[in-house]
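No lab work stands behind these numbers, since they all come straight from the coordinates. Everything numeric here is computed off the predicted structure, so don't read it as measured data. Neighbour counts are summed over all protein chains in view; Cβ atoms, including those assigned to glycine, are modelled from backbone coordinates with ideal geometry.
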Amino acid sequence: MNSNTHLDTGVKKFGTASAQFAGGTDNVQVDASSDFSYTGDFTYEFWVYPTSLTAQYEAFVWQSTGIDAAGEIYLSKYYHSGASPVPAAYQSIEIFNNSGTQTWATNNASTSGGVLEFDAWNHIAFCRDGTVGRWYRNGVQLVTLSGGTSTLSGTYGSATPDMYIGGDNAEHSSAQPLTGYIDEFRVSDNCRYP
């Protein structure tokens, strides 16, 4: 855990504690591993409890060798100042395959059910099922990706960079830190939500 990231026993979804992120350079750094490079199906999922809007983007998870680099997986909270009601925050995702092609980017600003609840637990999941991607919040499928540049083909993720939870590694100028809590973070090499 980097900076002021710590376990908090007062706010948790399951078990005895969750990871608390207070902004700044807070994050959990997971060592690079070939386990996080996918040629087949995968799922990223976690519970997030956002507490404030402190930046336009606040990273839930970031895995990349650089901004918009080949293999990037970036899931975040996106603050949309033009939303109704204002302010509002949405799930956001950017996915690049290992050839450097961006296959999907959206902030769910116009997606029904895409608004994150503050001071409450939200379950977030993104999975790849063959060449189809699915994005969920609280068990409700928000978006399906298939066809054209939305087809999830090729390899995603990378064995080279570390994975950062609750922020990124300062490749972005602000490090895009999360203010809130994350619990039960899980990465799987299968599609858990077909």
Problem set entry | Two-site label geometry, Glu117 and Ala32: point separation in nm, points 7 Å out along Cα→Cβ | 4.0 nm
Problem set entry | Point-to-point label distance, Thr39-Val11, nm (Cα→Cβ direction, 7 Å offset) | 4.2 nm
Seminar exercise, completed: Ser188 and Asn2 label points (each 7 Å along its Cα→Cβ direction) are spaced in nm at 2.9 nm
Exercise. Could you give me the ³J(HN,Hα) list for the range 35-45, computed from phi with Karplus coefficients 6.51, -1.76, 1.60 and θ = phi - 60°, whole Hz, x at Gly and Pro?
Worked result: 5, 9, 10, 10, 9, x, 5, 7, 9, 10, 8
Problem set entry | Hz values of 3J(HN,Hα) by residue in the range 178-194 - Karplus curve (6.51, -1.76, 1.60), Gly and Pro given as x | 7, 10, x, 10, 10, 9, 6, 6, 9, 10, 10, 9, 8, 8, 7, 10, x
